[in-house]
1. State all residues of region 13-32 that are charged (D, E, K, R) and in contact (Cβ under 8 Å) with a residue 24 or more places away in the chain; if no residue qualifies, say none.
2. Identify all residues within region 70-100 that are surrounded by 15 or more Cβ atoms within 10 Å (Cβ to Cβ) and within 19 Å of Leu14 (Cβ to Cβ); write none if there are none.
3. Can you give me the number of residues within region 56-77 that are in a loop (DSSP other than H, G, I, E, B) and within 24 Å of Ala23 (Cβ to Cβ)?
4. For Ser107, state whether it is of a type in the set (S, T, N, Q), touching a residue at least 24 places away in the same chain (Cβ under 8 Å) and surrounded by 22 or more Cβ atoms within 10 Å (Cβ to Cβ).
5. Looking at region 165-202 only, could you name the residues that are under 26 Å from Glu79 (Cβ atoms), touching a Gly at 6+ places or on another chain (Cβ under 8 Å) and assigned to a loop (DSSP other than H, G, I, E, B)?
6. Any residue that is basic (Lys, Arg), farther than 17 Å from Ser200 by Cα and more than 18 Å from the chain's Cα centre (by Cα) - is there at least one of those in region 49-57?
7. Hey, any hits in region 59-66 for a residue that's at pLDDT 95 or above, surrounded by 14 or more Cβ atoms within 10 Å (Cβ to Cβ), in contact with a helix residue (DSSP H, G or I) (Cβ under 9 Å, 6 or more places away or on another chain) and of a type in the set (A, V, I, L, M)?
8. Answer yes or no as to whether Lys33 is touching a Ser or Thr at 6+ places or on another chain (Cβ under 7 Å), basic (Lys, Arg), surrounded by fewer than 20 Cβ atoms within 10 Å (Cβ to Cβ) and not in a loop (DSSP other than H, G, I, E, B).
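The values are calculated or read from the model by the stated rules, or taken from the named source; none is laboratory data. All values reported here derive from a predicted model rather than from experimental measurement. All Cβ positions, glycine included, derive from the backbone under ideal geometry; neighbour counts span all protein chains shown.
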Amino acid sequence: MSTTTDFTLAIEGLTVSFDGFKAVDDLNLYIDKNELHVVIGPNGAGKTTVLDLICGKTKATSGSIKFLNVELTKKPEHEIVRAGVGRKFQTPSIYENLTVLENLEVSYPEGRGIFGSLLFKRTPKVMEKIHEIANEIMLDDALDMPAGLLSHGQKQWLEIGMLLIQDPQLLMLDEPVAGMSVKEREQTAVLLNKISQGRSVLVIEHDMEFVERIAHKVTVLHQGKILAAGDMHKVQHDPKVVEVYLGH
């Protein structure tokens, strides 16, 4: 049995109310190292709010969020990023007019900020890291291409790469395969399985087939509370989940 201290992320009693409405209600969630954890649930279940709470965009009303044993609930967003939490939103935020290589380069930790970029040199170490990440996100043949010319799926991968180059210990992805082709979904499943070796990955997803391909553990949220949690098989056959979510 893991103690609380062994988890990458330990959320306990997390609650947030907006004008008396509890968007997240007394939530407990634990994510291990190297775990790919998927949160599913109907619209309005509180899934994106949970990510907002972890990354500090929304402040908790009560409860605790510990990341590698550091309490996050009082920290500002930039400190949470610096601590090693990376988040990708639904719409890719890449620099369309920069090349793939430049997008990765500006995301490199020392390349950040105005002074960082003035003093930033393309050292062999930096280039090696860029090539390693580009290879991982299947864009090593597109390093010189302006990011705006990439396909929708490739843009999503580039943004994942821009987070990976910062070496986060927790990577959070909000609906990463929305709008992707079938082949891109398959490649993304492989990519996410690969990047969860060495870090924890938290994914919010609607596409059940995709969830089945990637999830080590699944948590089902409903009205801000956990309806069920466990492996995909257990969750899929849980009568409460079937009733609320899968609707069969």
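1. Passing the criteria: Lys22, Asp25, Asp26, Asp32.
2. If the condition is that a residue be surrounded by 15 or more Cβ atoms within 10 Å (Cβ to Cβ) and within 19 Å of Leu14 (Cβ to Cβ), then Leu72, Thr73, Lys75, Ile80, Ala83, Val85, Arg87 are the ones that fit.
3. 11
4. It is true that Ser107 is of a type in the set (S, T, N, Q), touching a residue at least 24 places away in the same chain (Cβ under 8 Å) and surrounded by 22 or more Cβ atoms within 10 Å (Cβ to Cβ).
5. Gln166, Asp167, Pro168, Gln169
6. no
7. yes
8. So Lys33 does not fit the description; no.
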